[in-house]
Protein chains: 2
Amino acid sequence: MRVSDRVLAMQNSPIRKFNPIAAEVKAQGTKIYHLNIGQPDIETPSVFWEAVKGFDQKVLAYADSYGLPELQDAIIDYFKRFDMNLKRNHVLITNGGSEALTLVFLSLLNPGDEVIVAEPYYTNYLTFIQAADGVVKPVTTYAEEGYKYAIKERLEKVVTDKTKMISIVNPGNPTGCILSREDMKVICDFAKEHDLWILADEVYREFAYDGREMTSFGQYPDVEDRVIIIDSVSKRYSACGARVGCLVCKNEEYMAEVMKIAMGRLCVPTLDMVGATAMYKMDPSFFNEVKKEYEHRRDVTYDALKKIPGVVCEKPGGAFYIACKLPVENAEDLLMFLLKEFRDNNETVMYAPMEGFYATPGLGKNELRIAYILNADDMKRGVELLGKGIEAYKAAGHK
Amino acid sequence: MRVSDRVLAMQNSPIRKFNPIAAEVKAQGTKIYHLNIGQPDIETPSVFWEAVKGFDQKVLAYADSYGLPELQDAIIDYFKRFDMNLKRNHVLITNGGSEALTLVFLSLLNPGDEVIVAEPYYTNYLTFIQAADGVVKPVTTYAEEGYKYAIKERLEKVVTDKTKMISIVNPGNPTGCILSREDMKVICDFAKEHDLWILADEVYREFAYDGREMTSFGQYPDVEDRVIIIDSVSKRYSACGARVGCLVCKNEEYMAEVMKIAMGRLCVPTLDMVGATAMYKMDPSFFNEVKKEYEHRRDVTYDALKKIPGVVCEKPGGAFYIACKLPVENAEDLLMFLLKEFRDNNETVMYAPMEGFYATPGLGKNELRIAYILNADDMKRGVELLGKGIEAYKAAGHK
């Protein structure tokens, strides 16, 4: 009656494992600024609700395993903005980007196969890769360098004959690091040279700031047979609870293989796909306001962070995260202090400690990820609480 | 750029792989009676739609990885009907029963670990078990015996030192075979003796006919630490497209382990959980009408099948499937004939050929599964088409 070795090797989500403690704190009447989870406060577009509430079938039936054809078509149209010409069998609708990732790793990795991932990484990648008995091969990045990873020599150092793929999140979670066209070229060439799959998680695609171009790895025809793109409505349309994502790949042989697993799990919820269709069809101008708002939040958050003595971070160019080094030894220990001991006007703050975002033991202990998903005033106050908390933490004799 | 060995070993769903051909046939104007998929025609309860349409939050946010607490509570209340006392951390909400099964196998099986499964089995079990690099150890059952499998000597024959669990679907898919209390005792004792997990997929729990008792493996306290129950709204409430299921287990150490994977995939869609909550709260009298209707359909379907010369089948006691042996050599070949050549009044019929439901090579070639999910008249007509199709198939020189 043992459990599997793979599940024993997994960690509790470093993002979600503190939720039970947070619930207790809130029950005591303390306000917590939740900068720990990428849950935007932007309203889900009204077209989503209208589409869902207008659904008038009497039987909520299974959908096709590929997803609703009208959603596939809306996604195909969306990708035309990036000069990509997709067919329906290139687009598999999934239960959020998360299921798409699980499907990719299960369909590509044999036990022991290696995946190159820049660390710190979105921590659930480790879980998804472990679920497929694969191994994370980290390319370490540094706060001082803005967490850059598209550096050929560093990638070459970690590639082995067991490397099956390189896994990219662009714009990046947890670092907000965003690839330039040159960076993308470096990765494409590297993948070709070593015959690797490129997994391109682009769920933050529109969140590119300071006039940066929105891009996709689907725009590089010379690697189109080896690129698998992950997309999702969660962040882009502030619809995290819809759990609608997709896996996009022009390699039809691959799609036929991954569909075997997708058919086994039957399909994605119909209503959420109906709502997602309406969102994918929205005019791209929808993003203008949203992007402006996030850019402002980033600026406010970054400025506030820089005011805390000893914090190391570069201004990130995309997504809605800032990762940084703190002037304390242990960011998880500080978080426990913030939750259990520190209060300012009966308020405190949560973030994601980043040790669990690293594969290399010992790294990330003094780093954190902040999601700037609250309004600018709340972000400012949240970071202020962090600064005051650090002060109190040190005054209490912690290092 | 190879794919994984596990996905190469998988088959296309024997239930869904003919859908593209069926779509062509329908495009030509031919009506198909779909007896191949367990998609009921019963209307989804109005409480589901009311709950979904009454949802009034502005931001569709991530839910907790365990699921909505109100849905957990509704499920806890539901299981009280079976004298089970559950706590919230015994109930993990999943993307349909399918995701629950995937989570179970990933969390229990090491590569090469064996799962005892009665064959013919619900074919996607093979996919789920292969996804976890596990091995199906079949206990062969027979149409002539009503596909019974709770037979100690036969179970003993397949157990090895690699056996980790026994996997039960009760009432059964694809056979409709239902366990008596004595049968359940046989399985519990067997599991205890060999220290196995019991995976009890009970999504058809209410579909127990001829006055049979509705049961759960959760009613056996002496195995409660080793029983994992799978539940779902799909069949019970005719809400297949909601994709809401759950994994129920009183072993809290196990729940803590499986939650690591569940946290990685974040959560289940919020709206569907809101609707599911309303359905789980319905009065149990809801099932009376539904059960009567299915029992009637079963009788009509069974009687019609028995009229086809050479068909071998016993009347099943539960779920909404009938499996049987046909008087032809190859049920898949017959299905292709029905789709491509046979027409009666421009109508034809689809069923699920069962070869893909067996692990033992060569078995099931002449067997099929019918889902009695259409109204009685349509079921009658569908089986009539099958009979006429077999006649035409033989007249065309096929065996």
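No value in this document is a laboratory result; all are computed from the given coordinates. Because the structure is predicted, anything quoted here is derived from the model rather than measured. Positions of Cβ are backbone-derived with ideal geometry, glycine not excepted, and every protein chain shown enters the neighbour counts.
Relative to the other identical copies, A:LYS307 shows label-point distances of 8.3 nm, where the label point lies 7 Å from Cα along the Cβ direction and values run shortest first. A helix-only calculation puts chain B at -11500 deg cm²/dmol for mean residue ellipticity at 222 nm, using -39500 (n - 2.57) for each DSSP H run of at least four residues, averaged over all residues. In this structure the amide hydrogen of B:CYS246, modeled in the peptide plane, comes within under 5 Å of the amide hydrogens of B:THR94, B:ASP231, B:SER232, none closer than 5 places in sequence on its chain.
Close amide H contacts of A:TYR321 (hydrogens built in the peptide plane, cut-off under 5 Å, sequence separation of 5 or more or a different chain): A:GLY176, A:TYR372. Take every Cα pair under 8 Å whose residues are at least 6 apart in sequence, average their separation, divide by the length of the stretch A:1-134, and the relative contact order is 29 percent. Across the identical copies, the label point of B:LYS291 (7 Å from Cα in the Cβ direction) is separated from its matches by 5.9 nm, in order from shortest.
Per 10 Å bin from zero, what fraction in whole % of the C-alpha pairs of the stretch B:43-117 is there, up to the bin with the longest pair? Distribution as computed: 14, 33, 36, 13, 4 percent. Note on the stretch A:46-280: Cα convex hull, mean projected area over all directions, 12.6 nm². Shape call for the stretch A:1-147 from the C-alpha gyration tensor, a ≥ b ≥ c root eigenvalues: rounded (a/c under 1.5), prolate (a/b greater than b/c) or oblate? Note, shape of the stretch A:1-147 comes out oblate. For the stretch B:310-382, the gyration tensor built on C-alpha atoms gives an oblate shape. Its axis ratio a/c (a ≥ b ≥ c) is at least 1.5, and a/b is not larger than b/c. Dipole orientation for chain B: of the candidates B:LEU71, B:ALA371, B:GLN57, B:ALA371 has the Cα lying most toward the positive pole (charges on Cβ; Lys, Arg +1; Asp, Glu -1). Its relative contact order, with pairs defined as Cα atoms under 8 Å and 6+ residues apart, puts chain A at 25 percent.
Straight-line cross-link partners of A:LYS162 among the lysines, defined as a Cα under 16 Å from its Cα and at least 8 positions apart when in the same chain: A:LYS137, A:LYS192. For the listed residue pairs A:LYS17/A:LYS157; B:LYS157/B:LYS388; A:LYS164/A:LYS260; A:LYS291/A:LYS394; A:LYS31/A:LYS291, the alpha carbons are over 31 angstrom apart in A:LYS17/A:LYS157; B:LYS157/B:LYS388; A:LYS291/A:LYS394. According to the calculation over all Cα-Cα pairs in chain B, the P(r) per 10 Å bin from zero is 5, 23, 32, 26, 12, 2, 0 %.
Each of A:GLU182 and A:LYS26 was given a label point 7 Å from its Cα along the Cα-to-Cβ line. The distance between the two points is 4.5 nm. Relative to the longest principal axis of the C-alpha atoms of chain A, give the angle of the C-alpha long axis of helix A:69-80, reported between 0 and 90° and rounded to the nearest 10°. Result, in degrees: 70. About its Cα centre, the stretch A:137-197 has a charge dipole of approximately 160 debye under the convention of +1 per Lys or Arg Cβ and -1 per Asp or Glu Cβ, with nothing else charged. Listed cross-link partners B:LYS87/B:LYS281; B:LYS26/B:LYS292; B:LYS152/B:LYS185 are compared with a 21 Å cut-off, the Cα-Cα value being larger for B:LYS26/B:LYS292. How tilted is helix A:331-340 with respect to the longest principal axis of chain A? Cα atoms for both, answer in degrees (0 to 90, nearest 10). Long axis of A:331-340 versus the principal axis of chain A: about 70 degrees. Summarising the strand pairing of the protein assembly as shown, around 45 percent of its internal DSSP beta bridges are antiparallel. Hey, if you put +1 on the Cβ of every Lys and Arg and -1 on every Asp and Glu Cβ in the protein assembly as shown, which of A:ALA278, B:TYR294, A:ILE129 ends up farthest toward the positive end of that dipole? Among A:ALA278, B:TYR294, A:ILE129, the one farthest towards the positive end of the dipole of the protein assembly as shown is A:ALA278. Among A:LYS152, A:LYS340, A:LYS58, the largest mean-square fluctuation in a Gaussian network model of chain A, built with springs joining Cα atoms closer than 10 Å, belongs to A:LYS58.
For chain A, the Cβ-based charge dipole about the Cα centre amounts to some 780 debye (Lys, Arg positive; Asp, Glu negative; other atoms uncharged). Each residue of the stretch B:286-300 was assigned a 3J(HN,Hα) from its phi angle through the Karplus expression (A = 6.51, B = -1.76, C = 1.60, θ = phi - 60°), giving 3, 6, 4, 5, 4, 5, 4, 4, 5, 4, 4, 4, 4, 4, 4 Hz with x at Gly and Pro.
Dipole magnitude for the stretch B:127-251: about 300 debye, using +1 per Lys or Arg Cβ and -1 per Asp or Glu Cβ, origin at the Cα centre.
The alpha carbon gyration tensor of the protein assembly as shown gives principal lengths a ≥ b ≥ c with a/c of 1.5 or higher and a/b greater than b/c, which makes the shape prolate.
Database note for chain B: Cys without another Cys beta carbon under 4.7 angstrom, B:CYS177, B:CYS188, B:CYS240, B:CYS246, B:CYS249, B:CYS267. All Cα-Cα separations within the stretch B:26-84 were binned at 10 Å from zero, giving a P(r) of 14, 26, 30, 18, 11, 0, each value a whole percent of the pairs. In this label model, A:ASP56 and B:ASP195 are separated by 6.1 nm, measuring between points 7 Å along each Cα→Cβ vector.
When peptides A:37-49, B:377-389, A:182-194, A:17-29 are ranked by their average number of other Cβ atoms within 10 Å per residue, the highest-first order is B:377-389, A:37-49, A:182-194, A:17-29. The local environment of B:ALA304, defined by Cβ-Cβ distances under 14 Å, has a net charge of +3 under the rule Lys, Arg +1 and Asp, Glu -1. Distance between the C-alpha centres of the stretch B:34-109 and the stretch B:259-284: 4 Å, rounded to the whole angstrom. Entry note, the stretch B:166-237: relative contact order of 35 percent, from Cα contacts under 8 Å with a spacing of 6+ residues. Within the straight-line cut-off of under 16 Å between alpha carbons, the lysines reachable from A:LYS365 are A:LYS325, A:LYS399, sequence neighbours fewer than 8 places apart in one chain being disregarded.
Comparing B:GLY218, B:ILE168, A:PRO269 along the charge dipole axis of the protein assembly as shown, the residue lying farthest to the positive side is A:PRO269, per the Cβ-charge model.
Placing a label point 7 Å from Cα along the Cα-to-Cβ direction at A:PRO69 gives distances to the equivalent points in the other copies of 4.5 nm, listed shortest first.
Semi-axes of the equivalent ellipsoid for the stretch B:176-218, computed as √(5λ) from the eigenvalues of its C-alpha gyration tensor and ordered from largest down, come to 21, 11, 7 Å. Of all DSSP bridge pairs formed entirely within chain A, close to 45 percent run antiparallel. Taken over the Cα atoms of the stretch B:214-285, the convex hull encloses 104 Å³ per residue. Between B:ASP377 and A:ASP41, the simple spin-label model (points 7 angstrom out along Cα→Cβ) gives 5.8 nm.
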